[in-house]
Structure formats: C-alpha cells, structure tokens
Amino acid sequence: MNRLRQFAFPLSLAVILGALSAWLGQVSQISIEEVPLNPKEPQYLIAQAAAKRYDSTGSLQQQLVSPKAWQLPDQKNVYFEQPDLRIWTQERAEYHVTAQQARYELASKKIFFEQEVTLDKSADAQRDAAQVRTSQLTVDTVRKIAETPAAVHYRYGNSQGSAQGMTYDYQNGQLNLPAQVKALIYAKSL
C-alpha cells in the first residue's frame, strides 16, 4: 500500500498536468472563420483622398483629389466621388478633368469619368485654351488617349461647337470629332 501511495501522487500530478495541458491547448487555439464581405459595400473607404504621381526627375506629373474613394471586395477597381484630376507638364498644370464620379481600373490603367465631365486644357505658346464637356470620358493613361462616344460640347479659344463622340490623342495633340460636328470657328488674330 505504501508503494501505491508513492506512485499515486506523481501519477495524479501527471494526469492533472496532462489534462490541464490539453485544456490550455484547446483554449489557446484560434479558430479563424472567414466571413464573406458584402460585394456592394466598400472593403476600403478613404475620406478626403489626395494622390500625387511624380516623374523620374521628381517633378509633379499627376494630382488627384476626391472627397471620397473606395474599393469593393474582390474588385480591381477604385471608385471616386467628385474626382479632380490635374496633369502637369514641365511644372505647369496642362490638363484638368472633373466629374461627379470616376472608376479607375487597376489592370488597364484606364479612368472612366462619368456625369458632368469637364476636360480643360491650358493655353500654351502654340495653342489657345480648350474645354470639352460631356457625360462620360475614358482616359487611357498608358496610350495617353481620352475618348467618348457621347455628345460633346467644346470650346477652343473663341471657337465653339458640338459633336457626337470625341477622341483626343495627347501624343499628337490631335482632337478627332467623328460625327454630327457643328462648329463656329473664329480665326486667331495675328
């Protein structure tokens, strides 16, 4: 019986410590349960968004300001409310685009402006100031082309007009108005 008492305490202690260890193992395990996000509600929301992009020399290239930006779950698009985009060339603001809404596709690097879109181009030594107003405008930031199939109203210096659709090629400085063009053209005085 003495011998049984000698082994009872260490054996009981081992059983208790084993049970305690198993219980602590269960308590300390974190079970991760993935909860699916609502695809219609933002996963990320930014208030007073402001972004700047610089070129390789450190000069400001693009500036985007928006009171609200968001990204939905499992999407590769970023949405903007009242975006205000300025594009700089040689340290001066050359283009200014505003709209009520915009969507930026991360993969294609295209910006889709919608509702009350205005594109302003500053005057320079060779060209007058220009403005285009439309309901939608797609800007391909890689190809540097802005286009829309929607009706456009434009102003270039004192000239003005309208057209159905537009393509503006930044590289060549060329505006193409493909259909239903109406224009009042005033020659620039020498």
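The values are calculated or read from the model by the stated rules, or taken from the named source; none is laboratory data. Everything numeric here is computed off the predicted structure, so don't read it as measured data. Heads up, the Cβs are rebuilt from the backbone with ideal geometry, glycines too, and the neighbour counts pull from every protein chain shown. Side chains are part of the model used for accessible areas, which takes the heavy atoms of the whole protein and leaves out ligands, DNA and RNA. Shrake-Rupley method; radii C 1.70, N 1.55, O 1.52, S 1.80 Å.
Points worth noting:
- Per residue, in Å², the accessible surface of region 44-184 once ligands and nucleic acids are set aside, probe 1.4 Å: 60 Å²
- Between the listed residues 159, 18, 49, the Cα displaced farthest toward the positive end of the dipole of the chain, a dipole computed from Cβ unit charges relative to the Cα centre, is found at 18.
- Region 30-64: trypsin sites (Lys or Arg not before Pro) in DSSP coil with no more than 14 other Cβ atoms inside 10 Å: 40
- Taking a straight Cα-Cα cut-off under 20 Å and skipping sequence neighbours fewer than 8 places away in the same chain, the aspartates and glutamates within cross-link reach of residue 182 are 120, 128, 147.
- Neighbourhood net charge (13 Å Cβ-Cβ; Lys/Arg +1, Asp/Glu -1) for residue 175: 0
- Cα centroid separation, region 45-74 to region 119-190 (Å): 25 Å
- If the convex hull is drawn through the Cα atoms of region 31-190, its volume per residue in Å³: 142 Å³
- Exposed GluC sites (Glu not before Pro) absent - longest run of the chain, DSSP non-H/G/I/E/B, at most 11 other C-beta within 10 Å: 92-190
- Computed over the chain, relative contact order equals 10 percent, with contacts defined as Cα pairs under 8 Å that lie 6+ residues apart.
- Nearest-ten-degree value, helix 2-28 long axis tilted from longest Cα axis of the chain: 10 degrees
- Length added when fully stretched, residue 84-residue 126, from 0.36 nm per residue minus Cα-Cα: 12.5 nm
- Potential lengthening between residue 174 and residue 22 on full extension [0.36 nm per residue; Cα-Cα distance subtracted]: 47.2 nm
- Net charge dipole size for region 35-80 [Lys, Arg +1 and Asp, Glu -1 on Cβ; Debye, nearest 20]: 80 debye
- Label point distance in nm, residue 34-residue 144, each placed 7 Å from Cα along Cα→Cβ: 4.2 nm
- For the set 167, 148, 57, solvent exposure ranked by accessible area (probe 1.4 Å, protein chains only) runs largest to smallest as 57, 167, 148.
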